[in-house]
Amino acid sequence: MKRMVVSSAGVTVLASLIVGIAMTGAASAARTASPQQQEVTLPTEVTTWLARDQVRRWAAMIEQGRTLFNDEGTCHFCHAQGAVGSPSGPDLTDAEWVQGDGSLENIQEVIFWGVRRRDFADPNRLHQMNPAGGMDLDLQQLSALTAYVWSLNNGTYLPQR
């Protein structure tokens, strides 16, 4: 696996880009919204189709994340298979989040940036977590891993087969 290296200049450029995109979208929405605009109601068939597609996409993200976590990636070396924890990494299946609040955003941030030993909430942890666990993750893989870790504690919200 390749290591992810992020310079402070790269982070600044990325942050500026994200803020710029968000501001552009908000400005565009403000310009196009008007009191006279009517809300569009899609046919039930279309909304049902879109909802099914979102469920399929969520399920695919969780499955990709599971594969990255347990098979292809480095996560299981510290957190164990199934993320049940070990002396090197905390249990990610319980309700206790030792490095944040367990939200999707927080989980993605912890995966992206890693956790330095000096920032450990538990002083008994032995090893720091490198950014992306030392893996070279693209945005889709980062999102999939985030979805999988989040689902371990929150459930998948997928219909039972």
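Just so you know, all these numbers are worked out from the coordinates, no wet-lab data involved. Note that the structure is a prediction, hence the values are computed from the model and not measured. Neighbour counts run over all protein chains shown; Cβ positions are idealised from the backbone, glycine included.
Odds and ends about this structure:
- Annotation: for a label point projected 7 angstrom from Cα along Cα→Cβ of E96, residues of the stretch 54-82 with backbone N closer than 17 Å are 79-80.
- Ranked list, fewest to most other Cβ atoms within 10 Å of each Cβ, for H76, H127: H127, H76
- Taking other Cβ atoms within 10 Å as a rough exposure proxy, R118, R57 sort from fewest to most as R118, R57.
- Percent of Cα-Cα distances greater than 24 Å, calculated over the stretch 51-154: 16 percent
- Semi-axis lengths (Å, descending) of the ellipsoid that matches the C-alpha gyration tensor of the stretch 80-129: 15, 14, 10
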